[in-house]
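Have a look at the structure below before the remarks.
The values are calculated or read from the model by the stated rules, or taken from the named source; none is laboratory data. Not measured: the values here are computed from a predicted model. Here Cβ is always computed from backbone atoms with ideal geometry, including for glycine, and neighbour counts include all displayed protein chains. Surface areas here come from the heavy atoms of the whole protein model, side chains and all, with no ligands, DNA or RNA. Shrake-Rupley method; radii C 1.70, N 1.55, O 1.52, S 1.80 Å.
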Amino acid sequence: RLDSSVPPGYPATPSSFTVDAVCGQPVSLNATVQAIPALPPTITVKLSPGIIWPPNGKLVTVQAAITASSPDGHATDITLVSVTSSDAGAADDIKGTSIGTDDRVFQLRAERSGRPGRIYTVTYQATDTVTGLTTTQSAIVIVPHSRGLASLLWLLSLLQTHGHDRGLYAQILQMLSS
């Protein structure tokens with residue numbers, strides 16, 4: 001019989017041992033087990049600027065502020081997974097990205113094809129360097145069509161969908177007042 005104790009919140013991976021009895025006597029085994037946490041790391045991503053205005057076709061430098069942590073205090077690696085645009089054919093509007101690295105500065109074009117505007121989605125992954133568990137998180141950069149009521153309502157609906165970010169609210173107000 002093999003008994004083991006694993007702290008709550010940690011998965012147990014069964015191991016099997018084959019032991020031959022020696023002269024009919026039970027054999028005692030000692031094993032060291034490394035428990036792996038069941039919780040992946042946490043990650044938050046904020047992009048600045050979150051709104052690009054005006055849509056003048058220029059490339060705008062965007063910076064990502066990222067925090068990540070492991071529930072057990074292990075180191076975490078950050079990786080840029082993707083940068084996409086809601087407008088088809090906008091691949092040339094994303095510059096300076098290095099997918100698969102900890103790239104936090106790149107450029108996006110201040111352009112939109114039509115109504116209601118363009119959404120760039122930027123996705124990062126945090127990996128716990130000990131356990132290998134991962135978490136992904138996306139944030140958006142918005143290029144609105146205009147400063148009109150329809151664009152304002154669209155922006156507010158995006159904030160509801162993608163999380164309430166005071167920084168984005170402030171950028172919306174600044175865009176409307178300029």
The condition of being among the hydroxyl-bearing types (S, T, Y) and within 28 Å of V130 (Cβ to Cβ) holds, among S69, S48, only for S69
Tell me which of these A126 doesn't satisfy, since it passes every other one: (1) open to solvent by less than 20 Å² (accessible area, probe 1.4 Å); (2) closer than 23 Å to E111 by Cα; (3) modelled with pLDDT of 65 or more.
-> (2)
